[in-house]
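These notes are about the structure you will find just below.
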Amino acid sequence: MKKIIWIILLLAVIQTGKSQQATRHELSFWGGGGLSSIQYSLSIGEHKPGYGGLAGMGYTFFFHPNWGVMTGAEFAVYNGKARIDNASDAYAAIDDENDTFTKLVDVYNFEENQRAYYLNIPLMFQYQGNGTNKFYAALGAKIGIPVGGKYKSAGDYVTRGKYPFTKDIFENMPEHGFGTYDDLKADESIKWNTNFQLSVEAGYKWQLRENLQLYTGMYFDYGLSDIRKIKNSPQTLLGDNASNPAEFTVNSIIQSHYTVENGTEGYVGRMNTISFGVKARIAFSLF
């Protein structure tokens, strides 16, 4: 009889230990989406926010029934869009005969879409209420490691040339790169800086089964850092090729400048990310 009692007590202790451990460790997988924008101001033109999403996995350790800390890895996509109806630029250039002249460029109906891919590493502190189904909230930070990016642009351009030895303006000379060029396009990769974000999440935690939970809620991430990766020397929106004047490179508006009275000015100011949307997370209690 004593042996049976001891066995029952031992099984109870083991089961209690398993139950306590299950409430202390969670492995989770999540996905979400909504506003996921590369935010910036434009000196010329209009900026529009973008939409995207995120997906990830993480581990949460509950050091208290109501408190835990979570980390993991998350893949996120951010988008932005710029539009310029019309703009003009004039800058010094060198032609195919090595002569210096002033390049006059007018751009119309220009649009550019930017995309950034990040691997986010979150560190979040989570609070949850009591009961089977409960309110939860999380607050923390994310470090975003850039893993890729691209820009796509299209626009109409009119180019002309003005030489110091004459008052004439040269145009409609495509062999010298002067003319009308409709729908010039670019689809190129672009690099970004590391992103540091503040992150907030809140919602409801549902107990589906003994070791299975579902989180449903809203999230908000705000980027604190400038994610632009600016080149050392200013470049124009329409890049020239002195050896082949009829060949152009359409640069990103992010890294391009235009001429002003005292030098050059960038089209784009500080760039950061903002995300807001809905999120679902499935969590498994670990033993």
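The values are calculated or read from the model by the stated rules, or taken from the named source; none is laboratory data. In this text, all values refer to a predicted model and were calculated from it rather than measured experimentally. Cβ coordinates were reconstructed from backbone atoms using ideal geometry, including for glycine residues, and neighbour counts include every protein chain displayed. With ligands, DNA and RNA removed, areas are computed over all heavy atoms of the protein, side chains included. Shrake-Rupley method; radii C 1.70, N 1.55, O 1.52, S 1.80 Å.
Things worth noting here:
- The distance between label points at ILE121 and ALA141 comes to 1.2 nm (points 7 Å beyond Cα on the Cα→Cβ vector).
- Tensor-based shape of segment 25-155 (alpha-carbon gyration tensor, a/c under 1.5 rounded, otherwise prolate or oblate): prolate
- Difference of contour (0.36 nm per residue) and Cα-Cα distance, TYR108 to GLU210: 30.6 nm
- For GLY58, neighbours were defined as the other residues whose beta-carbon sits under 10 Å from its Cβ, and their charges (Lys and Arg +1, Asp and Glu -1) total -1.
- Using a probe of 1.4 angstrom and keeping all protein chains present, the accessible surface of the chain works out to 53 square angstrom per residue.
- Each peptide in 214-223, 90-99 was scored by the mean count of other Cβ atoms within 10 Å over its residues; highest first, the order is 214-223, 90-99.
- Neighbourhood charge, 9 Å Cβ-Cβ cut-off, centred on LEU104 and excluding it, Lys, Arg +1 and Asp, Glu -1: 0
- Computed from Cα positions, the angle between helix 2-24 and the longest principal axis of the chain comes to roughly 20 degrees.
- With the simple model of a label 7 Å out from the Cα in the direction of the Cβ, ARG83 to GLU247 spans 3.4 nm.
- Apportionment of accessible area to carbon and sulfur, segment 131-234, percent (1.4 Å): 57
- Gap separating the Cα centres of segment 43-69 and segment 71-136, nearest whole Å: 18
- Listed by chain and number, the lysines whose alpha-carbon sits under 17 Å from that of LYS167, ignoring those within fewer than 8 places in the same chain, are LYS103.
- Charge sum, other residues only, whose C-beta stays under 13 Å from TYR219's C-beta, Lys/Arg counted +1 and Asp/Glu -1: 0
- Spin-label zone in segment 210-248 - amide nitrogen under 17 Å from a point set 7 Å from the Cα of ALA92 along the C-beta vector: 233-236, 240, 242
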